[in-house]
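K.L.:
My questions all concern the structure below.
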Amino acid sequence: MKTHSKIIDRIIEGIREHQTFCIVGHIRPDGDCVGSQLGLTLALKAEGKKVVCWNEDPMPEKYAFLDPDKLFQKPGTDRPFDCVIATDAASFERIGRVGECVARRKLLINIDHHASNTRYGDLNWVSAREPSTGELIFRLLKIAKWPITRAIANCLFTAVSTDTGSFQYSTTRPGTFHAGAELVNRGADLARICDEVYQSYPLSRARLLKHIYSHFHLTDQDRIAYFWLKKADFARAGSQGDDTEGLIDHIRAIAPVVVACVFEELEPELTRISLRSKSEKVNVSDIAAQFGGGGHPGAAGARIPGKPMSVQRRVIAAVKKAIKSAR
């Protein structure tokens, strides 16, 4: 008895009908994005497809162990593809400059778990109930009956683990534990994944942490915590800016804090914000949407033009309003 959605069958049919593929993901790729892109790339290559895996930004160093063959690359020159598959990207704009390089395509498939997804594909599989896109890719491969090798299992376990905070976030479902267990059974190297992803980081990240603990701010009766990361901060730390994933969790973990926010300078008048909520009553995706962004109820972000202090005032005011409304 079939228990899966018809869209999955349509996606599998679309993949089987085509030969050349480009697997893309969102800018500033995190573990879910990297693991989903690479896992799907490896699976399609094993099926005899011609596949490239493109992302505007380089892979964070801590995920390099997943890609010994250096499949994860910056986009090449514009060329035709039978099929482009976007993973973990809530909007077409989120894939950045890669979008210009995949304009000549026959089919665009969108696989994602963000509630704010804009359904920009020809085929859209968006399941906001799932805590990671990696879990969707895992289900796709199982339904298609494509082999899940150890390398693929490593990619998908990393995707699932990182987007659930090592299975700790409230979005984690019973099925997520089953998926994790099955991926370990299929060869995911749990010890190595934990070592590479969670227990090893560059000295530059330690310097950034030192900066954060010395410069974070609390407001609204300590319910809001925030800090800035300026270009000069990255330069002093010797960071290329690719080791910021998870830094926000250090201030999110402070007991009274309800919402944590990072303000990151991209340009003198362009700021990236990241938001995290510890309360089911405070949806930071709704806050981010006020500034043209989006994400999940507990984790969201946006890019906001304007003078830095003006951006900070507007964002903090929106967070205060959301916390007050949640009482």
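K.L.:
Of all residues in the stretch 78-99, which are closer than 19 Å to GLN19 by Cβ and either assigned to a strand (DSSP E or B) or at pLDDT below 95 (or both)?
P.N.:
ASP78, ARG79, PHE81, ASP82, CYS83, VAL84, ILE85, ALA86
K.L.:
Oh, and also: Open to solvent by 60 Å² or more (accessible area, probe 1.4 Å) and within 23 Å of LEU44 (Cβ to Cβ): which single residue out of ARG129, ARG104 fits that description?
P.N.:
Of the residues listed, the single one that is open to solvent by 60 Å² or more (accessible area, probe 1.4 Å) and within 23 Å of LEU44 (Cβ to Cβ) is ARG104.
K.L.:
Does at least one position in the stretch 163-179 carry a residue that is open to solvent by 10 Å² or more (accessible area, probe 1.4 Å), without any contact (Cβ under 8 Å) to a residue 40 or more places away in the chain and touching a Gly at 6+ places or on another chain (Cβ under 6 Å)?
P.N.:
No, the stretch 163-179 has no match at all.
K.L.:
With the checklist (1) open to solvent by 10 Å² or more (accessible area, probe 1.4 Å); (2) in contact with a helix residue (DSSP H, G or I) (Cβ under 6 Å, 6 or more places away or on another chain) in hand, flag the one item VAL160 doesn't pass.
P.N.:
That leaves (1) as the condition not met.
K.L.:
Hey, another quick one. Please name all residue pairs, on different chains or six or more residues apart, with Cβ atoms under 8 Å, provided the first residue is in the stretch 73-100 and is small (Gly, Ala, Ser) and the second residue is open to solvent by 40 Å² or more (accessible area, probe 1.4 Å) and outside any loop (DSSP other than H, G, I, E, B).
P.N.:
Between residues of the stretch 73-100 that are small (Gly, Ala, Ser) and residues that are open to solvent by 40 Å² or more (accessible area, probe 1.4 Å) and outside any loop (DSSP other than H, G, I, E, B), the close pairs are ALA86/PHE92; GLY99/PHE92; GLY99/GLU93.
Rundown of residues vs (1) basic (Lys, Arg); (2) open to solvent by 70 Å² or more (accessible area, probe 1.4 Å), yes/no style:
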position: LYS281; (1), (2): yes, yes
position: GLY292; (1), (2): no, yes
position: ALA302; (1), (2): no, no
position: PRO305; (1), (2): no, yes
position: MET309; (1), (2): no, yes
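K.L.:
Would you check if THR219 is open to solvent by less than 70 Å² (accessible area, probe 1.4 Å) and either of a type in the set (Asp, Glu) or within 21 Å of the chain's Cα centre (by Cα) (or both)?
P.N.:
no
The values are calculated or read from the model by the stated rules, or taken from the named source; none is laboratory data. Quick caveat: nothing in here was measured; it's all calculated off a predicted structure. Please note: Cβ atoms are built from the backbone with ideal geometry, for glycine as well, and neighbour counts cover all protein chains shown. Ligands, DNA and RNA are stripped out before the accessible areas are found, and what is left, the full protein with its side chains, is counted by its heavy atoms. Shrake-Rupley method; radii C 1.70, N 1.55, O 1.52, S 1.80 Å.
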